[in-house]
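**Q** To start, I am sharing the structure in question, which I have written as structure tokens.
The values are calculated or read from the model by the stated rules, or taken from the named source; none is laboratory data. Only a predicted model underlies this, so the values are computations on that prediction, with no experimental measurement involved. Counting neighbours? That spans all protein chains shown, and the Cβs are built from the backbone with ideal geometry, glycine included.
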């Protein structure tokens, strides 16, 4: 991690896109970085956290993206260069702040790093956040590779200061998680204390002030457009009657396509790295020089629609193709061969022979989905709830939330029925419960609870809803790489954050029935779950046990206990049907006897509490 | 030299470290490599894929039919990725099996590894297959499968840098207490590739 602080200017390093972003910010003298973790943006915050423990950099894991953006905005108002990173759906949470921050503006440069996730490798949707730049009226930079990511972040700070506007740097999963050669520059010193100059009639957005601020924002957008016209990130190369416009990572796919198709230099290629506001003059000159245009961009036709509007305004009628005609899909991430095929089809050039592809296998290959880890406390809690419901003869509906525990969706746990976004478990449970009158059990993790659950719980209590909320408190933000949050019980070394006890928060929000259980103690958690299920109103059960992976990593030791089927397996398959630990397996394909893989068993001792045949064994 | 390497395996097998080390060695050799990683699922038993791309190519990922090298850390996952290969591809496959949870719970059957290997041998230019898991344990660490496979890859003469170059990168990026096992594993992978009996098609 600290390798981002070393290295001589001019030295080449193999950096992740996300690491290049951090290096770019350090070279630009960033003073404060905020984030809420989310794949694919998480490494930005994680690297900054470690750096902040060794260098004069203010960093925080904020409670959510709105808090992160506002902390960064306040520091930028005091003249510091600040960076705020998040995944694309995080910007939805921060959108309220963003829209009016554009009116207020910034003094110190402020870069918002937004990571989109085409193909939804780890997200609930694949929204195209370039529209946020347009909606807020702020400049948008779209790097194509790690080197450009570093340069654009550094340039983004200067641009932000020149215009007095926050700047969005948009990456995608592919860039964030690709390593590439990056040439280092000089690290800049961090400035001294910021100065906040009182100026309420420009900084306090009451209607009378906001009316003037909107006028100023439009003027800044005109300046931003002028900057885009001359930006070194918007470049035309090659020549000829065929035009291609491309942004971000797809620029690499286009470059490879032109190379493979023998079209290098024979196509007029416009790479838009500074893509909002669109450089209108540059585009008109480009459009006048070609006979047809192919726009290559992942997700929505953001550039394509903008370019069509510019063409229309200038009376240009050449074909501008892309998503409009369905040459490209609005779905999912592109890849090199896909772009090559569309480029070849659009310009009617032959493609190389289709590559040899293996025949399908004779049987469907078994899937290998991700799963809750062996020994995960979430599985133990889910098991107790399944058994409690079975014993009570009750069926329940399970609104869930975002985190590792969402993997409870998979059989045999099947403990997820409804999910929209961070925090939605509690509030959607209210609606489902009110509409159906059925038993509703909602699940939320500790980090998600602080991120977006507090308001929902207050809403549930105040409006006298009927639900059982299970807070799966594993002491960390496990899914994204074990980052801390306000409720943490497990923290990285020297973590300075002050912990806030979840049970105290729950009580303070007016919840009267509260149970706190250790999910590894089966009898106790089962009894508490039954009570909680049978009670009425808003009840909260906190399942408290540390993320096993993280606890092991922090403590540097693993449990040496192991469990095996030592007694006679009754072949009832209860463990398979209700628990589903990945360490358990059917002895052979088609056999009925169960066994436990000692390499996978974590020694959590839970299964031995519900099955008499499972016993501990000693290991070295 | 233009080269596309596709690595696939199961979370915890060290595919990401292997791809990074290949990238670092390529950087040392004067290339501007691209190493693309899948994050997030590595700890949870899911499939982990990464790519290493060298030369004129600017795209960090590999389309179906365009991998010059397939480095399969697990038998089933290697076969699943066979569509990335072309008729001239080199495939190096760890024949050790990691049973997916869907199979251990009776939802599916693990295909016969010998059959998968013979199907692969019929599709690619060269196929090197051996139990890298057993060699890693022999070297002193079952986590060193990635080192075994890197040793085999460099011995298969498909990389634009030498075994000694890669060995030095391994050495630079290994914690001292794992160094001996890692270097032993690397050496065993090298030897495995030099053993004609491990080649199902073509040779080193």
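**Q** Does segment A:446-456 include one or more residues that are within 12 Å of chain B (Cβ to nearest Cβ) and more than 30 Å from residue B:68 (Cα to Cα)?
**A** Within segment A:446-456, not a single residue is within 12 Å of chain B (Cβ to nearest Cβ) and more than 30 Å from residue B:68 (Cα to Cα).
**Q** Okay, moving on. Any idea which of A:563, A:610, A:579 is farther than 27 Å from residue A:450 by Cβ and within 14 Å of another protein chain (Cβ to nearest Cβ)?
**A** Within the list A:563, A:610, A:579, the selection yields A:579.
**Q** Please work out which one of (1) more than 10 Å from chain A (Cβ to nearest Cβ); (2) in a helix (DSSP H, G or I); (3) more than 19 Å from residue B:116 (Cα to Cα) is the condition residue B:19 fails and give its number.
**A** It is condition (1) that residue B:19 fails.
**Q** So for segment A:312-325 (the condition being modelled with pLDDT under 95 and assigned to a loop (DSSP other than H, G, I, E, B)), does at least one residue qualify?
**A** yes
**Q** Exactly one condition in (1) touching a helix residue (DSSP H, G or I) at 6+ places or on another chain (Cβ under 6 Å); (2) surrounded by 15 or more Cβ atoms within 10 Å (Cβ to Cβ); (3) more than 14 Å from residue A:608 (Cα to Cα) is false for residue A:579; which is it?
**A** That leaves (3) as the condition not met.
**Q** Also, quick follow-up: Please work out if residue A:375 is within 14 Å of chain B (Cβ to nearest Cβ), in contact (Cβ under 8 Å) with a residue 24 or more places away in the chain and touching a helix residue (DSSP H, G or I) at 6+ places or on another chain (Cβ under 9 Å).
**A** yes
**Q** Sort through A:176, A:119 and tell me the only one that's within 11 Å of chain B (Cβ to nearest Cβ) and surrounded by fewer than 24 Cβ atoms within 10 Å (Cβ to Cβ).
**A** Unique residue meeting the criteria: A:119.
**Q** Now for a separate question. Would you mind stating whether residue B:3 is at the interface with chain A (Cβ under 7 Å from one of its Cβ atoms), farther than 22 Å from residue B:182 by Cα and either in contact (Cβ under 8 Å) with a residue 40 or more places away in the chain or buried (at least 24 other Cβ atoms within 10 Å of the Cβ) (or both)?
**A** No.
**Q** Could you check residue A:395 against (1) buried (at least 22 other Cβ atoms within 10 Å of the Cβ); (2) at pLDDT 95 or above and say which number it fails?
**A** Checking residue A:395 against (1) buried (at least 22 other Cβ atoms within 10 Å of the Cβ); (2) at pLDDT 95 or above, the one that fails is (1).
**Q** With a cut-off of at least 3 residues that are over 29 Å from residue B:61 (Cα atoms), name the helices (runs of 4 or more DSSP H) lying wholly within segment A:196-279.
**A** Where helices (runs of 4 or more DSSP H) fall fully within segment A:196-279 and carry at least 3 residues being over 29 Å from residue B:61 (Cα atoms), they are A:200-203, A:207-229.
For (1) in contact with a helix residue (DSSP H, G or I) (Cβ under 7 Å, 6 or more places away or on another chain); (2) closer than 30 Å to residue B:169 by Cβ, each residue gets a yes or a no:
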| residue | (1), (2) |
| --- | --- |
| A:12 | yes, yes |
| A:18 | yes, yes |
| A:21 | yes, yes |
| A:56 | no, no |
| A:72 | no, no |
| A:90 | yes, no |
| A:94 | yes, no |
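**Q** For residue A:516, indicate whether it is closer than 27 Å to residue A:459 by Cα, out of contact with any strand residue (DSSP E or B) (no Cβ under 9 Å at 6 or more places or on another chain) and surrounded by 15 or more Cβ atoms within 10 Å (Cβ to Cβ).
**A** no
**Q** Which fully enclosed helices (runs of 4 or more DSSP H) of segment B:47-157 have 2 or more residues being facing chain A (nearest Cβ under 8 Å)?
**A** Qualifying helices (runs of 4 or more DSSP H): B:75-80, B:101-104, B:113-121.
**Q** Mind checking which residues of segment B:70-89 are surrounded by fewer than 24 Cβ atoms within 10 Å (Cβ to Cβ) and within 30 Å of residue A:264 (Cα to Cα)?
**A** B:83, B:86, B:87, B:88
**Q** Quick one: how many residues across segment A:341-370 are modelled with pLDDT of 90 or more and within 8 Å of chain B (Cβ to nearest Cβ)?
**A** 4
**Q** May I pose another question? Take segment A:466-478 and flag every residue that is within 15 Å of residue A:61 (Cα to Cα) and either free of Cβ contacts under 8 Å to residues at least 12 places away in the same chain or part of a loop (DSSP other than H, G, I, E, B) (or both).
**A** Hits for segment A:466-478 are A:475, A:476, A:478.
**Q** Moving on to the next point. Which one of the conditions (1) within 14 Å of chain B (Cβ to nearest Cβ); (2) under 30 Å from residue A:305 (Cβ atoms) does residue A:217 fail to meet, given that it meets all the rest?
**A** Only one criterion is unmet by residue A:217, namely (1).
**Q** If residue A:510 satisfies every condition in (1) touching a helix residue (DSSP H, G or I) at 6+ places or on another chain (Cβ under 6 Å); (2) farther than 15 Å from residue A:400 by Cα; (3) surrounded by 18 or more Cβ atoms within 10 Å (Cβ to Cβ) but one, which is the exception?
**A** If we test residue A:510 against (1) touching a helix residue (DSSP H, G or I) at 6+ places or on another chain (Cβ under 6 Å); (2) farther than 15 Å from residue A:400 by Cα; (3) surrounded by 18 or more Cβ atoms within 10 Å (Cβ to Cβ), just (3) comes out false.
**Q** Here is a list of conditions, (1) more than 7 Å from every other protein chain (Cβ to nearest Cβ); (2) over 12 Å from the mean Cα position of the chain (by Cα); (3) without any contact (Cβ under 8 Å) to a residue 40 or more places away in the chain; (4) within 17 Å of residue B:153 (Cβ to Cβ), and residue B:31 meets all of them except one; can you say which number that is?
**A** (3)
**Q** Do we find a residue being free of Cβ contacts under 8 Å to residues at least 24 places away in the same chain and closer than 9 Å to residue B:185 by Cα anywhere in segment B:135-143?
**A** yes
**Q** Let me ask something additional. So, in segment B:149-190, exactly how many residues are under 21 Å from residue B:93 (Cβ atoms) and free of Cβ contacts under 8 Å to residues at least 24 places away in the same chain?
**A** The qualifying residues number 0.
**Q** State the number of residues belonging to segment A:261-275 that are touching a strand residue (DSSP E or B) at 6+ places or on another chain (Cβ under 9 Å) and in contact (Cβ under 8 Å) with a residue 40 or more places away in the chain.
**A** Of the residues in segment A:261-275, 7 are touching a strand residue (DSSP E or B) at 6+ places or on another chain (Cβ under 9 Å) and in contact (Cβ under 8 Å) with a residue 40 or more places away in the chain.
**Q** Let me ask another. Check residue A:413 against each of (1) in contact with a helix residue (DSSP H, G or I) (Cβ under 9 Å, 6 or more places away or on another chain); (2) more than 14 Å from chain B (Cβ to nearest Cβ); (3) surrounded by 22 or more Cβ atoms within 10 Å (Cβ to Cβ) and name the one condition it does not meet.
**A** (2)
**Q** Limited to segment A:191-217, what total is found for residues that are over 23 Å from residue A:72 (Cα atoms) and surrounded by fewer than 12 Cβ atoms within 10 Å (Cβ to Cβ)?
**A** 4
**Q** Residue by residue through segment A:234-261, note down the ones that are at positive phi and within 13 Å of chain B (Cβ to nearest Cβ).
**A** Scanning segment A:234-261 gives a single hit, A:248.
**Q** Looking at segment A:377-402 only, could you name the residues that are part of a loop (DSSP other than H, G, I, E, B) and within 24 Å of residue A:420 (Cα to Cα)?
**A** A:395, A:398, A:400, A:401, A:402
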